[in-house]
Each structure stands twice: as structure tokens, then as C-alpha cells.
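This report refers to the structure that appears directly beneath it.
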Amino acid sequence: MNWRISILFFILVASVSNVSAQSYELECSRMPLNELLVQLRRQYDLQLSFDDGLLSTYSISIKGSYPSPEALFEALFKEVPLAYERVNGVFVIYPLEPQLRSREFLLLGQLLEYGSGEPLPFSHLLINDSPSVSDLKGSFSFASTSDSIFRVQASHLGCYFLDTILYAGPAQKLYLKPFSYDIPEVVVRDTRVERSVQMGESAGLIKLNSYIAQYLPGNGDNSVFNLLRLQPGILAAGEQPNDLIIQGSPEGTSRVLFDGITIWGLKNFSDNISAVNPYLAKSMQIFKSGYDASRLDLVGGMVDITGRVGSTQKAGYNLFVNNQTVNGMMEVPVRPKGAFILAFRQTYYDLLNKEDFPLLSSGNFDYQIDVTPDYVFHDVNAKYSVQGDNGDLFFVSVFGAEDRFSYEVRQDRTNNIFAQTNREANIQTGASIFYGKDWKGGNRTQFSATYSSLESEYNILRTLENKRLNMVFTTVNNASVTDLNELNLRVSHSSRVGTSHDLEVGLESVFDEVILREDTFEVESSTFKANGNRLVLFMQDNISLWRGGHLKPGVRMNHQPVSGITHLDPRLEWRQSMGEALKFNAAWGKYHQFLVKSSLVDDNGNYRYTWSLANDETIPILSATHWVAGATLGLPNFTFSVEGYHKRTSGMTRYVRSQGTREAVFIGKGRSYGIDFFVKKDFYRHSVWASYTLGRAEELFPYFPEKDYRRAPQDQRHEFKLTGLVNVGNFHFSGAWVYGSGFPLYTSYLSRSYSEPDYRRLDLSLVYRLGFKKFNGEAGLSVMNVLDADNVKYSSFERIPLDQLNTVYVNTDSMPFTPLVFLKVNF
């Protein structure tokens, strides 16, 4: 009996095992899924629920054996958007909700100049109606999740507009054609060109090109600064010799950079020779106020000049000669992707002879002596660069310059003979290394190292001979030497996050050194030496808002390791485009400056400025707050811009030297506010623009008797500038008129009374373009101060006490009537 039960149990287990091990066999080719499921339901007695019409749209090809219905359905629905769920033994089949997978399309590109292959830095782009700006290498990136096709509109000052369609993919090179293209066979007509100035892209920002500058009056060796001085907010009336005064900021608070090298301030005699060779200047950015966190630590403004990188296509040779200087440059390709540039300038020796003019009456001064100084200048620039196919750029730029400025004057009076000799010498050197890397994802990394130095010597010897006593008295015998050195190491990285954020973070290490020595009557009276290191971290995010809006919050942090002090400077910028024509912008920010210029004033109201390193102990660190807002209307051939600004500065240091008392040091503060207007009209090949600044600059020091703000030395209420350029065939006519209402010339450092002579200057120029088979160039005549107006140059005049009642007013180097005949040849 037992064996029968065992056999029955074995048969039962075997049958159950066979049932549980049932497999589901499938083999079909391109069968509609609804029909296949009906076949499976009949063959394996499955309970199914599905949408017959939906499943009929899917065709299935499958072959295999599956141990369970679940495994079968997993294989069936692997390639189709379907899923299943078992409810009370019924397999319910339903469609999956579509999951939209966003795909990012990335556009990478680089803007280059047609003919030379030069990168076009800081060019403006409109990509799918969204504004963008290229970097120093001309590179740009843009991301989109909606389309892989991009409409790109690109413009660079002095170049024709480019309007094209691009596709997402590898980096693409776009070439813009210059307006003043030198090959006569290339003619472009009825095409819009960006002439000379761009405004409204950011608050307080003006962009200029180097093409238009060569046709302005005085184009020779100072075309860069001749163009700068004609812009709103840049002081022109004072012919500032050593510095730029931007929107009323005090001297020493603004800076000029060339390839990252600081131009500390060469003498720039008579606005004819500047510290930047015009052959090398490529593009210029003027940051008047409200600049973002990536910029230098300044409380005033900044001019950033980008130099040429050189042609990688062919060698070129340039020669410029006028009746004051000679300027030459050569550029040579270095295969396969490099270029080398060498440029040199030199004034003719003994060009300017010392002359004494007859005594003249001048305002509140009893006597005036106009002096033509002796002046010698030379400089040299060298640059090697390499451009990569992917937009990478590497360059080494070296700069050196020297100028020597002096004058001697001797005047016979009834009882006295007055004599004075002034000498000033400046030697400047600098070098910069730059490498910019473009990554595949649109991210960019830049590294730079810059070194700048200035050695400045100043000597003054003043004597007074008493005719009655037949004795000579030395009243002043002062000498000073200033050595200034700065080293800056910087790395920054920009990364695009989605389509609306462009993050930038950077790290800097800054080392400054100042050495100052003063001698009085050939006896060393004081020596000052200071150095300091700062670590700087900055971060900012360029956020794209809806309907053409942009917001750029940022912060710049300065840390001084020795003192342990950290300064935090938050900054905020807003831009809003109302279509392509109308733009609004505003900016606010906190700023600090550590390398400062301290002013020194004597009994007669004469100002001198010396560099110092602030440490918040003996010399306070300058701090400022900027507010700026404006609007720009930019039509194809018409531009109108209005911009208001307000700046407050604290920590200003002034040394006061008065006879019979010790030198006193005072800490003061200043403020400047006003409004800049600019209007420009282009028609055919002609341009006319006008700018007007209504401003006020004030300062307050404890020694002021009124204990209230008074007009600062750089204060000027009105300045109006009018410029016109006319092109007829190969002839270029230009003119520039500048009117300024004048600066306050106080009679002494304590006096509230002052004179205020206004400023008027008309400059004219005629240029003829030469074109030959083997070379081309220009010849022309430029006349400065056509009307020979007797103007006062800011901070370059000197009041000298002649006796107890009279004062001599020495005007050393304001621009006289100056004709310049020149020839420029390009091979």
C-alpha cells in the first residue's frame, strides 16, 4: 500500500512541476502588437486588457522563450512606450506618459578680422535675439534647448555687420570685414557698418575702435587719446598731461591698461605723443563708473586697451613720419600659427627750443610767462602671439618708454631777476603674459601675469637775484624720486550653466611696492618705502532674464595677509533691451583702491601728486560708492545716449606745506555727480557726433576755513565737444571743437576766491589715402589749436611768488598753434 501512495505522490509532483515550468514561446516578424497579444491570449489563456487601436500602431519582431508572462511582457514592451500592471489576474496594458528629455544645443565660435586674422575682442553679438559679448580672444558660446539653428548678428567697431545662420557643432570662425579695408579691389556697398562708438551695452561703458582714430586731428602719435578725449565724461578741456580725469574722479583714481600693463603716466606733451603706440591699439573699453567685479581695484574709472596680436598671413611694415616724431612697426608671421610685432617711436632731438615770451597779464595773476619746454620721448613695443584653431590665444607683450621734460625761464624785473629750472624724467617698463583656453562645452579659462614699473624724477631750482644788493637767493631747491612696481597674477574661469547663467570666478595675487625719496637743498629730507600683497577673489553671474533683461550680481573680496583685513565689495548691474534699438541700464557698486596718489599743495595753491601705498594706518585706503544709470537709442545710423552718475569717495590724503610751519597731513573726502549726453549721426561715409557733460566735483578737507565742500581742482561745470568726419573719395576731412567752462584756480590753499578761465580749442585735419600696387598709406596735414587760443592746462601751470605783491604765472605746456605734416606708408 505504501509503495502505491509513493508512486501516486511522485506522479502528482511531476505533473505540478511540468505545469509550473511552462514556457512562453514567441516568434514573429513585424507583426502588429495588438494581433500578437490576441494570439498570446488564445494560446496561453491569458487575461489581457489593452487599447486595440493604440497597439495596432506598433509592429513587433521577436523570437525567444520566456519563463513567465512578466518576462514576456518585459521583452515585448522594451522598445515601445508601454507598461503593464496585473490587477486581479488581468494584465492591464497602458501607454507611458511621454517624458520630454531636454537636449542642449551648443554654439561655439570666434570672431576674426578679415584679411589679418586678428581676433576681435569684446565684439557684440545678437544670437536668437539674445545679446552676448565675445571675450578678449573674440570667442563666444551660446546654448539653446529649443533649436539647433542659430541666427547670429555680429558687430565690431569699424567693421561691417555680419548677419548669418549657424548650426550647433564644433567651433566656427566668423570673419568681419573692416570699413577702411586697404585692398582697393574689395568694395562693399549698401551694408551697415559699426562706425566708431558703442554705448548702452552696460552702465558706464563706452567702446571705441582704432580705425576711426587715424582720421582725427592730431592723428600722428596720439590718435588713441585724441579719440578718448572726445567722449562724454572724459575730461578734454584741461589737456591732462599725466592722467585721465573720468566723470570728476580725483587724479590718480583712474587707470589706463595696455595688454594688461598699467600705463602710469608719461608726460604726453601737448597731446601729440601718448604712452600707447597707435599702431598697436586694437580696441578700447572705457569704464567710467559702475564696472563689474572682474575689474581692477579703483575708485575712479578705467581704460582697457587691447593690442593687436599680429597677422599670421603675411608680413607687414609700417612707417609714420611727421615734423615731431618717427614711428615704425613691423609684423612677421611665425609659422605655423604665430606672429611677432615690433614697434618703435622717437622724437627728433632738439626739436623744441626753450623760449621766453613777453610778460602778459592773466586774470588775477600779475604776470604770466609762457614757456616752450624741451622734450624728448622714445618707446618700444614687442609682442609674440600664437592663435589656436579652437580659439585659444597665447601672447607675450613687452613695453618700455622714456620721456624727459624740462624748461628754463629767466625774467628781468625792476628790482629782481627771477629764474627757474624744472626737470622731469619718467622711465616705464612693463610685460604681460596671457593664455586663454576655450573648452568644448563652451567654458573658458584665462590666465595672465603682468608686471608694470615706473621710475619718476622731479627737480625744481628757483632763484631770485636782488639787483640792489647784487645777491642771488636760492628760494627753492627740491628733488624727488619715485619708484613704483606692481605684479599681478590672475586666473579666471567662465562656465555656462544652462541657457540663462554664465558664471565667472577668478583669483588674483597683487604685489605693490612704492619707494619715495625727497631732497631739499641737496640734503635728503625723507625716504619712504612700502610694499604689500593682496589676495583677491571675485565671483559674478550673468543672468539672462525674460524679454531681453540681464542681471549681473557680483562680489570682489580683497584680503591683506599681513594686516588680516578683508574688504568686501558687492556690485550689481542691470540691463534691459527693448528690441534692438532701445536699451536701459543701471549699476551700483562698492570700490576700494590700495595704490593711491596723494596730493601735495603749497602756499601758492600749486598741486603735486605722489604715489603711496595705503595701509589704513598712516595712509587710508580709498573707498567709493558708484551709482550710474542711463538709456541709449541705437538706430542703424543714429545713436543717442544719456547717463547720470554719482560717486562718493573717502580716504583722500593731502599734504599741506606752508612757509614757517611744519608739513601737515589731512584726510578728506570727495564727491562727483552729473550727467553725460551723446548724440551721433552717420550718413554715407560721414560721421558727426557731439557730447556734453554737466557735472560737479567737490572735496572737503579739515583745513578748509568754511568747513564745507568746495570745488575740487578738477571741477568743471560744462564741457561741450563736437566732432565731424567727412570722406570724399580718397580725402578725409575732420574737425574737433572743445569748449570747457574752466577749473577753479585758487589764489592760495586757504583762499575761497579763484579765477576760472574757460577753454576753447579747434583742431582740423586733412588726410589723403594713397594707393599703389606695392604699398599704400596716407599723407596729410593736421593743425592743433587753429585759433591759437590761450588755454590753461590742468595742473601744469605754476604760481611763483615774485615779491611781496606780485606773482608770476608760468604756463609750461598748454597746446599752442601746432601744424603737423605727416606721411604714413604701409607695405
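Within segment 401-445, the residues that satisfy the criterion of being charged (D, E, K, R) and under 24 Å from the mean Cα position of the chain (by Cα) are LYS437, ASP438, ARG444. Residue check: SER202 meets all listed conditions (1) at pLDDT below 70; (2) within 21 Å of SER672 (Cα to Cα); (3) not acidic (Asp, Glu) but one, namely (1).
When we screen PHE521, PHE473, PHE528 for residues that are open to solvent by less than 70 Å² (accessible area, probe 1.4 Å), modelled with pLDDT under 90 and among the hydrophobic types (A, V, I, L, M, F, W, C), the only hit is PHE528. Filtered by the rule that a residue be of a type outside the set (Gly, Ala, Ser), open to solvent by 60 Å² or more (accessible area, probe 1.4 Å) and either in a strand (DSSP E or B) or touching an Asp or Glu at 6+ places or on another chain (Cβ under 8 Å) (or both), segment 49-87 gives LYS63, GLU85, ARG86, VAL87. Residues that are open to solvent by 40 Å² or more (accessible area, probe 1.4 Å), in contact with a Pro (Cβ under 9 Å, 6 or more places away or on another chain) and of a type in the set (A, V, I, L, M, F, W, C) do not occur anywhere in segment 728-748. With respect to being in contact with a strand residue (DSSP E or B) (Cβ under 6 Å, 6 or more places away or on another chain), modelled with pLDDT of 95 or more and not acidic (Asp, Glu), GLY674 fits the description.
Between GLU580, GLU643, the distinction of being surrounded by 19 or more Cβ atoms within 10 Å (Cβ to Cβ) and out of contact with any His (no Cβ under 8 Å at 6 or more places or on another chain) belongs to GLU643 only. I'd like to check something: does segment 703-724 contain any residue that is touching a residue at least 40 places away in the same chain (Cβ under 8 Å), open to solvent by 60 Å² or more (accessible area, probe 1.4 Å) and of a type in the set (Phe, Trp, Tyr)? Looking for residues that are touching a residue at least 40 places away in the same chain (Cβ under 8 Å), open to solvent by 60 Å² or more (accessible area, probe 1.4 Å) and of a type in the set (Phe, Trp, Tyr), one finds none in segment 703-724, hence no. Before we move on, is ASP763 surrounded by fewer than 15 Cβ atoms within 10 Å (Cβ to Cβ), over 27 Å from the mean Cα position of the chain (by Cα) and acidic (Asp, Glu)? For ASP763, the condition - surrounded by fewer than 15 Cβ atoms within 10 Å (Cβ to Cβ), over 27 Å from the mean Cα position of the chain (by Cα) and acidic (Asp, Glu) - is not met.
The selection criterion, being open to solvent by less than 60 Å² (accessible area, probe 1.4 Å), in contact with a Ser or Thr (Cβ under 6 Å, 6 or more places away or on another chain) and under 25 Å from ILE263 (Cβ atoms), does not hold for GLU508. Kindly indicate the residue of segment 447-470 that is in a strand (DSSP E or B) and open to solvent by 50 Å² or more (accessible area, probe 1.4 Å) and also nearest to ARG295 (Cα to Cα) among those meeting that condition. The selected residue is PHE447.
Residues in segment 146-161 that are in a strand (DSSP E or B), closer than 23 Å to GLY634 by Cβ and either touching a Phe, Trp or Tyr at 6+ places or on another chain (Cβ under 8 Å) or touching a residue at least 60 places away in the same chain (Cβ under 8 Å) (or both): PHE150, GLN153, ALA154, SER155, CYS159, TYR160.
If the condition is being open to solvent by less than 50 Å² (accessible area, probe 1.4 Å), aliphatic (A, V, I, L, M) and modelled with pLDDT under 80, then segment 767-806 contributes VAL792, ILE800, LEU802. Taking first residues from segment 396-425 that are farther than 23 Å from PHE473 by Cα and open to solvent by 60 Å² or more (accessible area, probe 1.4 Å) and partners that are charged (D, E, K, R) and assigned to a strand (DSSP E or B), the Cβ contacts under 9 Å between residues at least 6 apart in sequence or on separate chains come to VAL398/LYS383; ARG404/ASP374; ARG404/ARG423; ARG404/GLU424.
Hey, any hits in segment 537-548 for a residue that's over 24 Å from the mean Cα position of the chain (by Cα) and either over 27 Å from ASP502 (Cβ atoms) or of a type in the set (Phe, Trp, Tyr) (or both)? Taking every residue of segment 537-548 in turn, at least one turns out to be over 24 Å from the mean Cα position of the chain (by Cα) and either over 27 Å from ASP502 (Cβ atoms) or of a type in the set (Phe, Trp, Tyr) (or both).
Condition check ((1) more than 28 Å from THR482 (Cβ to Cβ); (2) at pLDDT 85 or above) across all residues:
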residue	(1), (2)
GLY260	no, yes
LEU266	no, no
SER270	no, no
VAL276	no, no
GLY290	yes, yes
ALA293	yes, yes
GLY301	no, yes
GLY316	yes, yes
LEU319	yes, yes
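Listed by position, the strands (runs of 3 or more DSSP E) inside segment 511-616 whose residues that are in contact (Cβ under 8 Å) with a residue 24 or more places away in the chain and under 30 Å from ALA479 (Cβ atoms) number at least 1 are 523-544, 582-593, 595-601, 607-613. Would you check if SER687 is polar (S, T, N, Q) and open to solvent by 60 Å² or more (accessible area, probe 1.4 Å)? Against the criterion (polar (S, T, N, Q) and open to solvent by 60 Å² or more (accessible area, probe 1.4 Å)), SER687 does not qualify. Taking the numbered list (1) buried (at least 19 other Cβ atoms within 10 Å of the Cβ); (2) without any contact (Cβ under 8 Å) to a residue 60 or more places away in the chain; (3) out of contact with any Lys or Arg (no Cβ under 6 Å at 6 or more places or on another chain); (4) of a type outside the set (S, T, N, Q) in turn, ARG671 passes all entries but (3).
Scan segment 544-556 for residues that are out of contact with any Lys or Arg (no Cβ under 6 Å at 6 or more places or on another chain) and buried (at least 16 other Cβ atoms within 10 Å of the Cβ) and jot them down. If the condition is that a residue be out of contact with any Lys or Arg (no Cβ under 6 Å at 6 or more places or on another chain) and buried (at least 16 other Cβ atoms within 10 Å of the Cβ), then SER544, GLY548, LYS552, PRO553, VAL555, ARG556 are the ones that fit.
May I ask you to verify whether ALA143 is open to solvent by less than 20 Å² (accessible area, probe 1.4 Å), at negative phi, at pLDDT below 80 and not in a loop (DSSP other than H, G, I, E, B)? Criteria met by ALA143.
Could you say whether any residue in segment 482-502 is among the acidic types (Asp, Glu), open to solvent by less than 50 Å² (accessible area, probe 1.4 Å) and farther than 28 Å from ARG404 by Cα? Looking for residues that are among the acidic types (Asp, Glu), open to solvent by less than 50 Å² (accessible area, probe 1.4 Å) and farther than 28 Å from ARG404 by Cα, one finds at least one in segment 482-502, hence yes.
ASN615: surrounded by 15 or more Cβ atoms within 10 Å (Cβ to Cβ) and not β-branched (Val, Ile, Thr), yes or no? The answer is yes for ASN615.
The values are calculated or read from the model by the stated rules, or taken from the named source; none is laboratory data. All of these numbers come straight from a predicted model, not from anything done at the bench. Cβ atoms come from the backbone with ideal geometry, glycine included; neighbour counts cover every protein chain shown. Protein only, heavy atoms only, side chains kept; ligands, DNA and RNA dropped before computing areas. Shrake-Rupley method; radii C 1.70, N 1.55, O 1.52, S 1.80 Å.
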